[in-house]
Amino acid sequence: MADNPASRWTRLPIRTRPHRNPLAENDDDHPECPDDFQCRMRDKFPKFADPQVEILDVGCAFGGMLFALAPLFPNTCMLGLEIRPKVVSFAQEKTVALRKENETTGKYQNVWFEQLNVMKYGSSCFRKSQLQRIFFCYPDPHWKRKNIRRRIISPGLVHEYAYWLASGGFLYTVSDVEELEKWMVKCLDDSPLFRRLTDAEIYSSQEHQQVVQIAKNTSEDAQRTERKGLTKHFAVHVRV
């Protein structure tokens, strides 16, 4: 990681709450419709004449996963959405700095971050079948029974994610909490709009292997999980 400019950034300069209630009333700015959101994105990806977000990281935190994924899909616009404003501000500053450091190569021009409550306003951002990949990496487990409705993957929300994904697109879930991963997998398995990939299908494709390894190992939460010696659980579902 020493030769990776993104690795020089850490979460240390930021003091912020670890969680935020996605169901609380607030005055967060949000787009009115996908066309409005598309207008907002036009100057966020300078390399692209008409940028269309195709890869989405929900609850991206400080952006570590997308920064690692960016070189694998240099011609694809990637967006990280995070509910905590201070965290998003840090990720945006990091993006601008890395772009400046890599002006000659054009790296990180395909990555951007925005503050948004996906549970409330995600459908104001994405058109039907717009996305090719959606990631949910190390989401808040919301342990208490009364707070389960705050989980970012639920039976109701699964249908929204299916609407945004193109047929053949992929949805990735990763967690160090086995109970939560089982919950997310069940929500997706129970939907006729998704099919879980077998291990054989995942490991038969080099691209799948690379993407899964990045999703499991490169975010700030993944590094925390590694330090604590916790098991990383994951699944990949395809939109049918």
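The values are calculated or read from the model by the stated rules, or taken from the named source; none is laboratory data. Quick caveat, the model's predicted, so the values are computed rather than measured. Neighbour counts run over all protein chains shown; Cβ positions are idealised from the backbone, glycine included. Side chains are part of the model used for accessible areas, which takes the heavy atoms of the whole protein and leaves out ligands, DNA and RNA. Shrake-Rupley method; radii C 1.70, N 1.55, O 1.52, S 1.80 Å.
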- Query: How many times 2.2 N^0.38 Å is the alpha carbon radius of gyration of the range 54-156?
  - Reply: 1.14
- Calculated SAXS-style log₁₀ I(q)/I(0) at q = 0.08, 0.13, 0.18 Å⁻¹ - the chain, Debye, Cα scatterers: -0.27, -0.78, -1.67
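Mind ranking 224-234, 67-77 by how tightly packed they are, going by the mean number of other C-beta atoms within 10 angstrom, highest first?
Details: 224-234: 13.1, 67-77: 17.7.
The densest-packed peptide leads the list: 67-77, 224-234.
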- In Hz, Karplus ³J(HN,Hα) per residue of the range 152-160 (6.51, -1.76, 1.60; θ = phi - 60°; x = Gly, Pro): 6, 10, 8, x, x, 5, 4, 5, 5
- Between Leu157 and Val96, 0.36 nm times their residue separation minus their Cα-Cα distance comes to what? 18.7 nm
- First compute the accessible area of the chain with a 1.4 Å probe, then give the percent of it belonging to carbon and sulfur atoms. 50 percent
- Relative to a virtual label point 7 Å from the Cα of Ala166 in the Cα→beta-carbon direction, which members of the range 32-57 show backbone nitrogen distances below 15 Å? 51-56
- Message: Percent of Cα-Cα pairs more than 20 Å apart in the range 138-219, please.
- Response: 38 percent
- Message: With a 1.4 Å probe and all protein chains left in place, how much accessible area per residue does the chain have, in Å²?
- Response: 50 Å²
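Suppose R0 equals 25 Å. What FRET efficiency, 1/(1 + (r/R0)^6) with r the Cβ-Cβ distance, do Arg127 and Arg195 give to the nearest 0.05? Don't jump to the answer; show the numbers that get you there.
On the way: r = 23 Å, r/R0 = 0.91.
Here the calculated transfer efficiency is 0.65.
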- Message: Could you work out how much longer the chain between Lys186 and Gln213 gets when fully extended? Use 0.36 nm per residue separation minus the Cα distance between them, nm to one decimal.
- Response: 7.5 nm
